[in-house]
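What follows is a single structure, written as structure tokens, with notes after it.
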Amino acid sequence: MKWTFFPVTQIEQLAPTWNALNDGAGSLPFLHPRFILPLCEVFGDRNLKLALCESAQGPLAMGILTNKSVAQWETFQPSQLPLGAWVMRPDQDFESMLSGLAKRLPGMALAIGVTQQDPNCVRRPAESARLHTLDYIRTAWVPIAGSFDDYWAKRGKNLRHNMKRQRAKLEQDGVTTSLEVLTRPEDVGPAIEDYGRLESGGWKAAGGTAIHPGNAQGRFYRNMLESFCRAGEGRIYRYRFGERVVAVDLCIEGGGVIVILKTTYDESIKVISPTFLMRQEAFRTMFEERQVKRIEFFGKLMEWHTKWSDEVRTIFHINYYRWPLLPKIRSRLIKMRMHGVQLESAKTTQES
């Protein structure tokens, strides 16, 4: 087992190797270089390392790593990426893999974190003195099986009733609805402008996280989606009330999966849910087209997810420590820090 490191700029040259590993472990579209390359260009830095593990069997794993602290490394994962930037053969042992990596990384690598891993792609490893796993979030997904009518009949009574009531209200008010499915690269720019206009008018604008055509978020999503659309694997769902755009979904697909990356809607509309109406129609098209086998949310399970899906799984972190004593020291330091916070809080309460 041999680890080799490259500048992250070489991921384009090593794309065939990366893709082969990704294809063998679920072929998730956001782990394709079409997603990873613009992600690194916009949100990465020159210190990122592209790591490749090989043996006589061929490539075993690849990851993009960042130096979190002096002796701690972890997979590169800005908020736009649902899982850590790591692809590997599912039959490989995580502890052996990370043990070799720790010995080869520059300096003294005492800990390595492989963030947010999907059990659909890699088997959750058994814990040991040096390797720990940690539940991150539960996430929902929708299998494309049977007809849409069968799927819809299994949804909760409240959801079906609310959708019917909202459509009746719109019809009564003379509001027509329409769903556009945008797949051409030239449609991405205007769609991102619509998305940014909606999101900038909502709560995300106050927090500075809204997508805007002129900011880093906007540049990334535009470049990435144009690339996926050129490959026939990008979709933007845009929903209108009359001529007014009221909701947008940014999606990519690959390996039989469509991932809903980002959603926004007109928050000034209070009685009607543009997102739910859009989703109902979009899901119907997905069931009818049969181009994908499942719909993925890849976000923390929320109450509204359970209205659309009965399927849930747990995304997990992996933490590897070079020596068995390190996690014990880390645990002790965390307890000491928490105890110190409690003492300070008690002291402040007494003084007041």
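Can you give me the C-alpha center-to-center distance between segment 179-194 and segment 153-167, rounded to a whole angstrom?
29 Å
May I ask you to list the residues of segment 30-60 whose amide nitrogen lies under 15 Å from a point 7 Å from Cα along the Cα→beta-carbon direction of Arg104?
In segment 30-60, the label zone of Arg104 (backbone N under 15 Å from the point 7 Å along Cα→Cβ) covers 49-60.
If you put +1 on each Lys and Arg Cβ and -1 on each Asp and Glu Cβ, how big is the dipole of the chain around its Cα centre, in Debye rounded to 20?
Its charge dipole is roughly 1000 debye.
Using a 1.4 Å probe, what is the accessible area per residue for segment 214-334, in Å²?
In whole numbers, segment 214-334 has 44 Å² accessible per residue.
On full extension of the chain, what length is gained from Leu134 through Glu311, given 0.36 nm per residue of separation minus the C-alpha to C-alpha distance?
61.7 nm
How many angstrom lie between the Cα centre of segment 28-64 and the Cα centre of segment 283-309?
Going from one Cα centre to the other spans 27 Å.
Over the chain, with every protein chain in place, what whole percent of the accessible area is carbon and sulfur at 1.4 Å, could you tell me?
Exposed carbon and sulfur together represent 51 percent of the surface.
Which of these values of mean projected area of the Cα convex hull in nm² was calculated from the structure shown: (1) 14.7; (2) 19.2; (3) 22.0?
So the calculated entry is the one marked (3).
Multiplying the sequence separation of Asn120 and Glu41 by 0.36 nm and subtracting their Cα-Cα distance, what value in nm do you get?
Gain on extension, Asn120 to Glu41, equals 25.6 nm.
Does segment 224-289 classify as rounded, prolate or oblate by the C-alpha gyration tensor (a ≥ b ≥ c root eigenvalues; a/c under 1.5 gives rounded; else a/b over b/c gives prolate, otherwise oblate)?
Verdict is prolate for segment 224-289.
At 0.36 nm per residue, and after removing the present C-alpha to C-alpha distance, how many nm does the segment from Ala231 to Asn162 gain when stretched out fully?
Taking Ala231 through Asn162 to full extension adds about 21.1 nm, to one decimal.
Mind ranking Asp249, Asp135 by accessible surface for me, highest first, 1.4 Å probe?
Accessible-area ranking of Asp249, Asp135, largest first: Asp135, Asp249.
Quickly rank 54-60, 5-11 as a protection proxy: mean count of other C-beta atoms within 10 Å, highest first.
Per-residue mean Cβ counts within 10 Å order the peptides as 5-11, 54-60.
Which FRET efficiency value, to the nearest 0.05, is calculated for Val70 and Gln172 with the Förster distance at 41 angstrom and r the Cβ-Cβ distance?
0.05
Could you work out how far the C-alpha centroid of segment 257-274 sits from that of segment 82-107, in angstrom?
What the calculation gives is 37 Å, centre to centre.
Testing the spin-label approximation: label points 7 Å from Cα along Cα→Cβ at Lys154 and Thr4. State their distance in nm.
So the label points at Lys154 and Thr4 sit 4.7 nm apart.
Roughly what angle does helix 325-351 make with the longest principal axis of the chain, taking Cα atoms, 0 to 90 degrees, to the nearest 10?
It is inclined by approximately 70 degrees.
Which of rounded, prolate or oblate describes segment 1-120 when judged by the alpha-carbon gyration tensor and an a/c cut-off of 1.5?
Verdict is rounded for segment 1-120.
Place a point 7 Å from Cα of Glu12 in the direction of its Cβ. Which residues in segment 221-259 have their backbone N less than 14 Å from it?
What the label zone holds, given the 14 Å backbone N cut-off, is 224, 227.
Can you work out the FRET efficiency for the pair Glu54 and Glu288, with r the C-beta to C-beta distance and R0 = 56 Å, to the nearest 0.05?
0.80
What does the accessible area of Arg322 come to, in Å² to the nearest 10, when a probe of 1.4 Å is used?
The accessible area comes out at roughly 50 Å².
Between helix 274-289 and the chain, what is the angle of the helix's C-alpha long axis to the longest principal axis, kept within 0 to 90° and rounded to the nearest 10?
80 degrees
What does DSSP give for segment 1-133 in terms of the percent of beta bridges that are antiparallel, rounded to the nearest 5?
Just about 85 percent of them are antiparallel.
Note the angle between two axes, namely the Cα long axis of helix 157-172 and the longest principal axis of the Cα atoms of the chain, as a number of degrees from 0 to 90, rounded to the nearest 10.
Once rounded, the angle reads 40 degrees.
With Cβ to Cβ distances under 12 Å as the rule, what net charge do the other residues near Ile315 carry (K, R +1; D, E -1)?
+1
Measuring with a 1.4 Å probe in the full set of protein chains, what accessible area per residue, in whole Å², belongs to segment 6-94?
With the other protein chains kept in place, segment 6-94 gives 41 Å² per residue.
Could you tell me which of rounded, prolate or oblate describes segment 7-66, using a ≥ b ≥ c as the square roots of the eigenvalues of the alpha-carbon gyration tensor, with rounded for a/c under 1.5 and, failing that, prolate when a/b is larger than b/c and oblate otherwise?
oblate
The values are calculated or read from the model by the stated rules, or taken from the named source; none is laboratory data. Note that this is a predicted model, so its numbers are computed, not measured. Counting neighbours? That spans all protein chains shown, and the Cβs are built from the backbone with ideal geometry, glycine included. Ligands, DNA and RNA are stripped out before the accessible areas are found, and what is left, the full protein with its side chains, is counted by its heavy atoms. Shrake-Rupley method; radii C 1.70, N 1.55, O 1.52, S 1.80 Å.
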